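Novice: The structure's right below; bear with me while I get my questions together.
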Amino acid sequence: MTLQFTTIVFVIVMLVLFQLSPGQLRKYVLLLGSLGYIFVEGGVLGLTVILLVTLISWGTGRVFFAGKETTNEGRSRKIAMISVIALLSAVLFGWKYLPWLAGVLGKDVSGKTWAAVPIGLSFYTFQAISYVADLYTGKMKPLKSPVKYSIYMTWFPKWMSGPIERVGTFIDQLKYSGNIRSYSFLRITAAAPYFIWGLVMKLLIADKIAKPVDAAFADIGSMGPLALLLASLLYTLQIYCDFAGYTNIAIGLSKLFGIDLTQNFKTPYFAENITDFWRRWHISLSSFLRDYIYIPLGGNRKGALRKHLNTVIVFFICGMWHGAGLSFIVWGLLHGFFSIVTAFLKKSKLDFLVKGGIGRVLTFIAVSFAWIFFRADSMSQALQFIKGMVPGINANGAAAGLAISEGEILSLGTMDWWIAGIALAVLVVLDILSYRRDSVPPALMIESLGANRRIVILAAVLSLVLIFGEYGAGEDIRKFVYMNF
């Protein structure tokens, strides 16, 4: 999903066709609309790959899991499950890492069509894997309808960057979607807080503070420790606002069609330790890694050493899933290391370091440090950035790079610094309130404000986004960060 005028027109047309269609035909509107959107944004390759992954996973269910299980069928089902998951995993990780390996070997394949990873591959491949695994474990029966399963795989708001939905939950939403009679004011006011708050996070915060982050990483050698420390902090906030902003927009759009997507973020930067962080950050991914990798490996059932090894394996895969390159693997392994340290500290007299206010501060610092490897283009750039944050090692002045030049600081105008700062202050306040109620800001707005008052306030907020937001046309539009994964 991209923030373009054509996307807005597309959504409006989809809503009109959806509303005018009889209940039994609405699933075709959802499917054809999603396929059309994928074709426009992802091209022939993107559409072909997602259709093949959909066909393979759905067909596996119909061929191997539709009948009553016998001893021989049990063996064939296990072989089918392992083969399909291995194939899908090979497609995913092979597509990500073969071009990278070619580059390591000195071969430039950046211009090759096959080297470009199809948009959303990481997300819908994991959905297909979860479906096949659930069939094997008996958590669900194979879907007879290829249309409903295809909607699950291709639903356009979540196609690019998730959430990674579970098929059973999503199909239940489709049943409700088909029974919607008319557009109600309450349904629109329930969707609007998610959509507009997502725009605030993306256009008023993420895309503005992305400019100084880009400037710092592009010219590390001329930056002082304070500038690099600021850039590290800003990227920590940027990636949260960018990704959580996408999720909120996807949830809001889906609600207009009667579909409730998984909430992917719950105030992650208030986590007391790394374990708590992954219960709040990219929830659909962390739950996938837990249910389909960590638990099948043995989880914590085979002793402490095996538990820690399983943790490292999970985060190694997590790093590889996010992108190709050593820096992504190091990012994943750092989180694995932090998780193991957390487990040890919880059972020691130093448990105060992984809970309460101290735990929150240390967790935020650890997460921010790890994000440097995630943002860097390479390991060498990440290490250069980290060295530059240390006074004494960095030969530049402490505040080098922070001077005002032509009304800008780190390529961002002073007015935009104020706008982003005010928006961030609002974000912090709303996240604090949401944390205390175990909620999220859009849900908090719905709970705390009546429908009429909510619409008035959201209209005012939307006006501020349109006036002060960071957007443009064509190449000027900054893509969502997780579209790259």
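The values are calculated or read from the model by the stated rules, or taken from the named source; none is laboratory data. Computed from a predicted structure; not experimentally measured. No Cβ is skipped: glycine too gets one built from the backbone with ideal geometry, and neighbour counts run over all protein chains shown. With ligands, DNA and RNA removed, areas are computed over all heavy atoms of the protein, side chains included. Shrake-Rupley method; radii C 1.70, N 1.55, O 1.52, S 1.80 Å.
Novice: Let me spell it out: the conditions are (1) modelled with pLDDT under 95; (2) open to solvent by 50 Å² or more (accessible area, probe 1.4 Å), and Arg454 meets all of them except one. Which number is the exception?
Specialist: The failed condition is (2).
Novice: Go over the candidates Ile293, Ile313, Ile274 one by one and state the one that is in contact with a helix residue (DSSP H, G or I) (Cβ under 9 Å, 6 or more places away or on another chain), in contact (Cβ under 8 Å) with a residue 24 or more places away in the chain, hydrophobic (A, V, I, L, M, F, W, C) and over 22 Å from Asp351 (Cβ atoms). Talk me through it step by step, then tell me what you get.
Specialist: Values: Ile313 fails: in contact (Cβ under 8 Å) with a residue 24 or more places away in the chain; Ile274 fails: over 22 Å from Asp351 (Cβ atoms).
That would be Ile293, the only listed residue that is in contact with a helix residue (DSSP H, G or I) (Cβ under 9 Å, 6 or more places away or on another chain), in contact (Cβ under 8 Å) with a residue 24 or more places away in the chain, hydrophobic (A, V, I, L, M, F, W, C) and over 22 Å from Asp351 (Cβ atoms).
Novice: Right, next: Please find, within region 343-361, the residue that is most open to solvent (accessible area, probe 1.4 Å) out of those that are touching a residue at least 40 places away in the same chain (Cβ under 8 Å), touching a helix residue (DSSP H, G or I) at 6+ places or on another chain (Cβ under 7 Å) and within 12 Å of Ala271 (Cα to Cα).
Specialist: Checked region 343-361; the qualifying residue most open to solvent (accessible area, probe 1.4 Å) is Arg360.
Novice: Just checking, which of Ile251, Ile180 is of a type outside the set (Ser, Thr, Tyr) and within 21 Å of the chain's Cα centre (by Cα)?
Specialist: Details: Ile180 fails: within 21 Å of the chain's Cα centre (by Cα).
Step by step, each of Ile251, Ile180 is checked, and only Ile251 is of a type outside the set (Ser, Thr, Tyr) and within 21 Å of the chain's Cα centre (by Cα).
Novice: Please state which of the following conditions Leu226 fails to meet, knowing it meets all the rest: (1) under 30 Å from Thr342 (Cβ atoms); (2) of a type in the set (A, V, I, L, M); (3) crowded, with 20+ Cβ neighbours inside 10 Å.
Specialist: Condition (3) is where Leu226 drops out.
Novice: Then there is this: Select, from Leu88, Leu31, the only residue that is open to solvent by less than 50 Å² (accessible area, probe 1.4 Å) and under 22 Å from the mean Cα position of the chain (by Cα).
Specialist: Leu88 is the lone residue from the list that is open to solvent by less than 50 Å² (accessible area, probe 1.4 Å) and under 22 Å from the mean Cα position of the chain (by Cα).
Novice: Identify the residue in region 75-91 that is of a type outside the set (A, V, I, L, M) and within 16 Å of Arg62 (Cβ to Cβ) and, among all such residues, is modelled with the highest pLDDT. Steps first, answer last, please.
Specialist: Keep residues of region 75-91 that are of a type outside the set (A, V, I, L, M), which gives 75-78, 83, 89.
With the extra rule that they be within 16 Å of Arg62 (Cβ to Cβ), the set shrinks to 76-77, 83.
Values: Ser76: 88, Arg77: 92, Ser83: 96.
So the residue we want is Ser83.
Novice: In addition: Every residue in region 369-390 that is open to solvent by less than 20 Å² (accessible area, probe 1.4 Å) and farther than 12 Å from Trp331 by Cβ, please. Please lay out each step first, then the result.
Specialist: Taking region 369-390 first, the residues open to solvent by less than 20 Å² (accessible area, probe 1.4 Å) are 370-374, 376, 382, 385, 388.
Within region 369-390, Phe385, Gly388 meet the criteria.
Novice: Within region 7-28, track down each residue that is open to solvent by 70 Å² or more (accessible area, probe 1.4 Å) and within 22 Å of the chain's Cα centre (by Cα).
Specialist: Ile8 - this is the single residue of region 7-28 that is open to solvent by 70 Å² or more (accessible area, probe 1.4 Å) and within 22 Å of the chain's Cα centre (by Cα).
Novice: Which numbered condition in (1) open to solvent by 50 Å² or more (accessible area, probe 1.4 Å); (2) under 23 Å from Tyr37 (Cα atoms) is the only one that Ser83 fails?
Specialist: (2)
Novice: While we're here: Return yes when Ala398 is in a loop (DSSP other than H, G, I, E, B) and open to solvent by 70 Å² or more (accessible area, probe 1.4 Å) and no when it is not.
Specialist: No, not satisfied.
Novice: Report whether or not Ile249 is more than 22 Å from Phe315 (Cα to Cα), out of contact with any Asp or Glu (no Cβ under 8 Å at 6 or more places or on another chain) and modelled with pLDDT of 95 or more.
Specialist: Yes.
Yes or no, residue by residue, for (1) open to solvent by 30 Å² or more (accessible area, probe 1.4 Å); (2) modelled with pLDDT under 95; (3) among the aromatic types (Phe, Trp, Tyr); (4) not in a helix (DSSP H, G or I):
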residue	(1), (2), (3), (4)
Ile164	no, no, no, yes
Asp172	yes, yes, no, no
Trp197	no, no, yes, no
Lys208	no, no, no, no
Ala216	no, no, no, no
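Novice: A follow-up question, please. Name every residue in region 297-341 that is among the aromatic types (Phe, Trp, Tyr) and open to solvent by less than 30 Å² (accessible area, probe 1.4 Å), in order of residue number.
Specialist: Scanning region 297-341 gives Phe315, Trp321, Phe328, Trp331.
Novice: Moving on. Working only within region 91-100, note down all residues that are open to solvent by 30 Å² or more (accessible area, probe 1.4 Å) and under 14 Å from Phe328 (Cβ atoms).
Specialist: Start the filter on region 91-100 by keeping residues that are open to solvent by 30 Å² or more (accessible area, probe 1.4 Å), which leaves 91, 93, 95, 98, 100.
Correct list: Phe93, Trp100.
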